[in-house]
1. Is it the case that the stretch 215-238 has a residue that's of a type in the set (Lys, Arg), under 36 Å from the mean Cα position of the chain (by Cα) and modelled with pLDDT of 90 or more?
2. Kindly list, by first and then second residue, each pair from a residue in the stretch 233-245 that is assigned by TED's automatic domain parsing to the domain that holds Ala203 to a residue that is among the small types (Gly, Ala, Ser) and more than 12 Å from ligand 1 (Cβ to nearest atom), limited to pairs with Cβ atoms under 8 Å and residues at least 6 apart or on different chains.
3. Can you report the number of residues in the stretch 367-394 which are more than 7 Å from ligand 1 (Cβ to nearest atom), modelled with pLDDT of 95 or more and assigned to a loop (DSSP other than H, G, I, E, B)?
4. Is there a residue in the stretch 349-360 that is in a helix (DSSP H, G or I) and away from ligand 1 (no atom under 13 Å from the Cβ)?
5. For the stretch 328-346, which residues satisfy the criterion of being under 15 Å from Gln399 (Cβ atoms), surrounded by fewer than 14 Cβ atoms within 10 Å (Cβ to Cβ) and modelled with pLDDT under 85?
6. Take the residues in the stretch 269-306 that are within 16 Å of ligand 1 (Cβ to nearest atom) and acidic (Asp, Glu), then tell me which one is surrounded by the fewest Cβ atoms within 10 Å (Cβ to Cβ).
7. From Asn313, Asn309, grab the single residue that is buried (at least 18 other Cβ atoms within 10 Å of the Cβ), within 14 Å of ligand 1 (Cβ to nearest atom) and closer than 14 Å to Gly407 by Cβ.
8. I'm trying to understand the selection: among the residues of the stretch 192-232, which are of a type in the set (A, V, I, L, M, F, W, C) and either under 16 Å from Gly381 (Cβ atoms) or assigned by TED's automatic domain parsing to the domain that holds Asp301 (or both)?
Amino acid sequence: MSESGRAQVRAWRSYAVLGTVAIAALFAVAVSRSIAMPLAVAGAILVAAFAVYFGTSRRNVIGNVAAPESARETKGLSGAALDILEVIDDPLLVLDDSGRIVFANRASKTLVGPDAGGKRISAVLRTPELLETVERILAGGGPENVAFSVLVPVQHHYEAYVACTGGRLILMRIRDVSAIRRAEELRADFVANASHELRTPLAAITGFIDTLRGHARDDPSARERFLEIMSTEAGRMRRLIDDLLSLTRIELNEHNPPAGEVDVVAVVRDAADALKPLADSDRIRLDIAASPALPIVGDRDEVTQVFQNLMHNAIKYGRPGGEVRVRFGRTHAPSRRDSGMQAFVSIEDEGEGIPREAIPRLTERFYRVDVKRSRERGGTGLGLAIVKHILNRHRGRLQIESVPGQGSIFTVFLPAAPDGSN
Ligand SMILES: Nc1ncnc2c1ncn2[C@@H]1O[C@H](COP(=O)(O)OP(=O)(O)O)[C@@H](O)[C@H]1O
Ligand SMILES: [Mg+2]
């Protein structure tokens, strides 16, 4: 039966009781004949009217909150209100004025369990911060936001908004903020890492300045050596700042698709020319395969940065006296969403390779398999993070394969420009 139907039945029940009382009074007066019959009838009607008035107004108070009859009334919420709360995708709990859960929506089940209804809030969420907030609101306090964490089965962070409704109920809306917390932690880690990376060369430079002012003041050969190291360290700081700025600029632009058209074969050849002196100093031969033009939609500077970083890594971490091979090709896009053709470029070295477990982490900022080696070779640990963000912007993908002891192959896939795809 509906809520309004039940209320109707209750109303008629009280009318019936009061009517019976009025008629009984009428008969009693008439039988005793102590007063005139019309006066007795008028008196009975008056009594009945008063009784009906007070009866119905009392029923309103009882029906709403004070002494509920059914569970649904306990909540003081209509069926429609409950239906709305049920489908909201944030966990929602409604408590009564004794701190008992009278309603828990679907989204709250993973947090408070499937049958939280009827239990005390302290039995399902044992977080002191939250319970203290509920206490304060039960004692008449205003709405509050409270942060709390649940440690099992996996750590989750939540924020709850707790407020008293007009009808002495407490509404608790909970939001899972674990992902936001994680992003904040990553950002804080990033700032800490960047500061640390900058502090190391800065400390070296400051140290050498002191030495040059002190005992090396009159030692020309020491001065020359120290100035050389200071220049290397200053270069390291400059590269780090350049990479940090690059990364920030690319990230800001990441949701803005590139517009120009670029031939990746030409870009790779230009990058190889620029890197030739470095390759020569390690006696590494750059073998760039012959290929027709492979046009893609992209930003020339960013695409150049991708291949410069990857080829530079292949030279830095490749085998001195060995070879770095670059191959080109076209292939069908792997997923239906990216219909059409893709251009790919693979860069293969003969270096030590990368341990299997490190491969998924290579594109993390500042992640390096061997920090000392990377620093010695002028690395910042940001190159592959930059590559990843540029490829994201270009709807491209990086594939890393490696056999420890034999070498690595880094392959870049990029959507081919429309003309080149048919
Ligand atoms: N071709 C490669 N062979 C072996 N290890 C590599 C190769 N390319 C990258 N790495 C590893 O990945 C790490 C991260 O690369 P990157 O982000 O370019 O930083 P960086 O080169 O400045 O150290 C490197 O420090 C290195 O440990
Ligand atoms: Mg690098």
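1. Checked the stretch 215-238: at least one residue is of a type in the set (Lys, Arg), under 36 Å from the mean Cα position of the chain (by Cα) and modelled with pLDDT of 90 or more.
2. Partner pairs satisfying both residue conditions: Glu233/Ala204; Leu240/Ala194; Leu244/Ala194.
3. 1
4. Filtering the stretch 349-360 down to residues in a helix (DSSP H, G or I) leaves 356-360.
Add one more test, that the residue is away from ligand 1 (no atom under 13 Å from the Cβ), and what stays is none.
The answer is no, given that none of the residues of the stretch 349-360 is in a helix (DSSP H, G or I) and away from ligand 1 (no atom under 13 Å from the Cβ).
5. Pro334, Ser335, listed by residue number.
6. Here the residue is Asp287.
7. Working: Asn309 fails: closer than 14 Å to Gly407 by Cβ.
Sole residue among the options that is buried (at least 18 other Cβ atoms within 10 Å of the Cβ), within 14 Å of ligand 1 (Cβ to nearest atom) and closer than 14 Å to Gly407 by Cβ: Asn313.
8. So the first thing to find is which residues in the stretch 192-232 are of a type in the set (A, V, I, L, M, F, W, C), and the list is 192, 194, 198, 202-205, 208-209, 212, 216, 222, 226-227, 229-230.
Answer for the stretch 192-232, where residues must be of a type in the set (A, V, I, L, M, F, W, C) and either under 16 Å from Gly381 (Cβ atoms) or assigned by TED's automatic domain parsing to the domain that holds Asp301 (or both): Ala192, Ala194, Leu198.
The values are calculated or read from the model by the stated rules, or taken from the named source; none is laboratory data. In this text, all values refer to a predicted model and were calculated from it rather than measured experimentally. Every residue, glycine as well, gets a Cβ built from its backbone with ideal geometry; the counts of neighbours run over all protein chains shown.
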